[in-house]
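The values are calculated or read from the model by the stated rules, or taken from the named source; none is laboratory data. What you are looking at is a predicted structure, and each value in this text was computed from that prediction instead of being measured. We place every Cβ from the backbone using ideal geometry, glycine too, and count neighbours over all the protein chains shown. Heads up: the accessible areas ignore ligands, DNA and RNA and are worked out on the full protein's heavy atoms, side chains in. Shrake-Rupley method; radii C 1.70, N 1.55, O 1.52, S 1.80 Å.
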Amino acid sequence: MHDIWNPWHGCVKASPGCANCYMYFLDKQRDRNGAEIYRTDNFYYPLQKDRRGRYKIRSGELIRVCMTSDFFLAEADKWRDAAWEIIRQRPDVVFYLLTKRPERVADCLPEGWGQGWDNVWFNVTCENQQMADKRLPFLQKLPFKHKGVMCAPLIGPVSLQPYLREGFIEQVICGGENYGGARPCHYDWVLTLHGECQEANVSFSFIETGSDFVKDGKHYHLKSKQKQAEQAFRAGLNFRGKQHPFMLRYAIGLPVPEEERFHPQYDGPHCHACGSRLICNGCSHCGKC
């Protein structure tokens, strides 16, 4: 997909949320081993240009990084400096980093990092309260200008209230679990997170129910991810809280004006009722919905 950059592939399971990892599941379907870690052929994707010499990834786009691995995986230490250099060369693009290993991050930052780069959005996964209480103190202290929380797969109740009150979280995303062995996601858990974010004026996105969803004591089994995203959207919980603009610049140092930034187009067949709309880079008509 046009908004994903996977510089390396494969991962090592690190916490309860990894038990039914979607990457392992999908790799197994292709007779591959998700624990095999390697640098991908797409490593330089953010620097690729079209025939007219323009970057394929446009200024202002949001690019999700390492969706089939972890950017701070120890096994990827040998490639990370080169990946940081690519991110540094595209200060006009927002790079969304997500990790289950925030304890490693301080030792993995590049030279010249300072208090963070304006085009990097750092997020940690908190699938239950235990992981939230373990990882969010790291999130609070680490030097990033933009921070968020991913409660997915949401496999237990999570309260973020004490952390939201500190004001360092810009956005919370939550969703249920998918594929083989998916554990139930309870609507009450989602409502709790929504209420806390609303109180703190922090953006909230309920992106999908998961394939085993519990509401009012009843289990709903939804195999279609499109249907899961639609049902999450229809819950009406998603909202934009206080905005924290990204100060994007061209490589020569000039700011990227709003009118020259990429603006997502939600004109796909399912965009009108998709739980991921608030965090989506727009439809590329790839046919995967």
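Counting only GluC sites (Glu not before Pro) that sit in a DSSP loop (anything but H, G, I, E, B) with at most 13 other Cβ atoms within 10 Å, what is the longest stretch of the chain containing none of them? All intermediate terms of the calculation are to be shown ahead of the outcome.
Values: sites that count: Glu36, Glu111, Glu166.
With GluC sites (Glu not before Pro) excluded where exposed in loops, the chain gives 167-289 as its longest stretch.
The mean sequence distance of close C-alpha pairs (under 8 Å, at least 6 residues apart), as a share of the length of the range 117-170, puts its relative contact order at 43 percent. Quick one: grab the alpha carbon gyration tensor of the range 172-230, order the square roots of its eigenvalues as a ≥ b ≥ c, and give me rounded if a/c is under 1.5, else prolate or oblate depending on whether a/b is larger than b/c. Verdict is prolate for the range 172-230. DSSP beta bridges confined to the range 163-289 are antiparallel in about 45 percent of cases.
Checking every one of the trypsin sites (Lys or Arg not before Pro) in the range 208-289 against DSSP loop status and a limit of 13 other Cβ atoms within 10 Å picks out Lys223, Arg240, Lys242, Lys288.
Among 134-145, 150-161, 265-276, how do they line up by average Cβ neighbours within 10 Å per residue, starting with the highest? The partial results should precede the final answer.
Values: 134-145: 16.8, 150-161: 21.3, 265-276: 15.2.
Top of the packing list down: 150-161, 134-145, 265-276.
Summing Cβ point charges (Lys, Arg +1; Asp, Glu -1) relative to the Cα centre of the chain gives a dipole of roughly 460 debye.
With a/c under 1.5 counting as rounded, go ahead and sort the range 133-289 into rounded, prolate or oblate using the C-alpha gyration tensor (a ≥ b ≥ c being the square roots of the eigenvalues; past the cut-off, prolate if a/b is larger than b/c, else oblate). Oblate, because a/c is 1.5 or more while a/b does not exceed b/c.
Percent relative contact order of the range 208-273, based on C-alpha pairs within less than 8 angstrom and at least six residues apart? Working shown, then result.
On the way: 43 pairs, mean separation 16.3, N = 66.
Answer for the range 208-273 is 25 percent.
Nearest 5 is fine: what % of DSSP beta bridges in the chain come out antiparallel, could you say? Walk me through the intermediate numbers first.
Details: 9 of 34 bridges.
Restricted to the chain, the bridges split so that about 25 percent are antiparallel.
Within a straight-line Cα-Cα reach of under 14 Å, Lys218 can be paired with the following aspartates and glutamates, leaving aside sequence neighbours fewer than 8 residues apart in one chain: Asp188. Just want to confirm a number: the relative contact order over the range 1-152, from Cα pairs under 8 angstrom separated by 6+ residues, in percent. 22 percent.
In terms of Cα to Cα distance under 17 Å, which aspartates and glutamates are near enough to Lys56, apart from those fewer than 8 places away along the same chain? Those aspartates and glutamates meeting the cut-off are Asp3, Asp41, Asp92, Glu260. Solvent exposure of the range 106-174 amounts to 39 Å² per residue of accessible area, where only protein heavy atoms count and the probe is 1.4 Å.
Per DSSP helix of 4 or more residues, -39500 (n - 2.57); summed, then divided by the residues of the chain. What does that give at 222 nm, rounded to the nearest 500?
Values: 6 runs with 62 residues, N = 289.
For the chain, the value works out to -6500 deg cm²/dmol.
How much of the accessible area of the chain, probe 1.4 Å, is carbon plus sulfur, in whole percent? Walk me through the intermediate numbers first.
Values: 7190 of 14300 Å².
The nonpolar share, carbon plus sulfur, comes to 50 percent.
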